[in-house]
């Protein structure tokens, strides 16, 4: 089985690209979904995150409010990078997420020994997990496209989205550095059909990489 990491900066379109690979026959798990499940009340990661960031990040029902957690980690809008506590959050969450990814890939290898297992994760390189994969795919996109996607996803105006995307990108490894580590780069700045064609070409290479 081929282990593939799929990464890219905020709102680059990783999830869309991931689903395109699934349509071609890949197995896919999203690190964000794993993290979400690990942050359910009662889970050890949940307890540690609440202990570190305070109960202010919780909704009325006791679940983690992801918007409040993001603000606690990245700092309030307009804050400079020095107030970021993203590294604290990553230190708590990443090891558990990586363990879950490894368990998932092992299960896929038993089910489909000749398959392609893709882990989609925003901070895959930053978490030091890149070496766990046979191939690494980086999705890129221009700032305008990212801002438009973020605005639509978070239902905020474009100016707010552009500022927030720039702020979060500053806490991530620059695209140029991600690209240096990549085996394949997919530019998701244009039309979806253009992205789909790039995915198809990479898929053909992955299928022959066993």
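FYI, it's all coordinate maths here, none of it is from the lab. All values reported here derive from a predicted model rather than from experimental measurement. All Cβ positions, even for glycine, are placed from backbone atoms using ideal geometry, and neighbour counts span all protein chains on display.
Can you tell me how the stretch 2-207 classifies by the Cα gyration tensor, rounded, prolate or oblate, using a/c under 1.5 as the rounded cut?
Verdict is oblate for the stretch 2-207.
So which residue, out of 118, 137, 34, gets the largest mean-square fluctuation from a GNM of the chain using Cα contacts under 10 Å as springs?
Of the options given, 34 has the highest mean-square fluctuation.
Could you work out how far apart the two model spin labels at residue 107 and residue 193 are, taking each label as a point 7 Å from the Cα in the direction of the beta carbon, and quote it in nm?
3.8
Once both axes come from the Cα atoms, what is the angle between helix 192-207 and the longest principal axis of the chain, in degrees from 0 to 90, rounded to 10?
60
Return the percentage of antiparallel bridges among DSSP beta bridges fully within the stretch 2-207, rounded to the nearest 5 %.
Percent antiparallel among DSSP bridges in the stretch 2-207 is about 5.
At 0.36 nm per residue, and after removing the present C-alpha to C-alpha distance, how many nm does the segment from residue 158 to residue 134 gain when stretched out fully?
Residue separation times 0.36 nm, minus the Cα-Cα distance, leaves 4.9 nm.
Take the Cα pairs of the stretch 140-210, get the Kirkwood Rh, then feed it into Stokes-Einstein at 4 °C and 1.567 mPa s and tell me D in µm²/s. List each step's numbers first, then the result.
Details: Rh = 13.8 Å.
Taking Rh from Cα pairs, D becomes 94 µm²/s.
For the stretch 1-120, what's the radius of gyration and Dmax over Cα atoms, in angstrom?
16.4, 48
For the chain, with a Gaussian network of springs between Cα atoms less than 10 Å apart, report the residue from 195, 160, 140 with the top mean-square fluctuation.
Ranking 195, 160, 140 by mean-square fluctuation puts 160 first.
What is the calculated FRET efficiency for residue 48 to residue 22, with r their C-beta to C-beta distance and R₀ = 41 Å, to the nearest 0.05?
According to the calculation, E is roughly 0.80.
By how many degrees, 0 to 90 and rounded to 10, does the Cα axis of helix 86-111 deviate from the longest principal axis of the chain?
On a 0 to 90 degree scale, this one is about 30.
Let me test this: with uniform point scatterers at the alpha carbons of the stretch 1-61, what is the Debye-based log₁₀ I(q)/I(0) at q = 0.14, 0.20, 0.23 1/Å?
Computed log10 I(q)/I(0) values: -0.59, -0.85, -0.94.
Quick one: if the Förster radius is 30 Å, what FRET efficiency do residue 87 and residue 185 give, using the C-beta to C-beta distance and rounding to 0.05?
Computed FRET efficiency for residue 87 and residue 185 comes out at 0.70.
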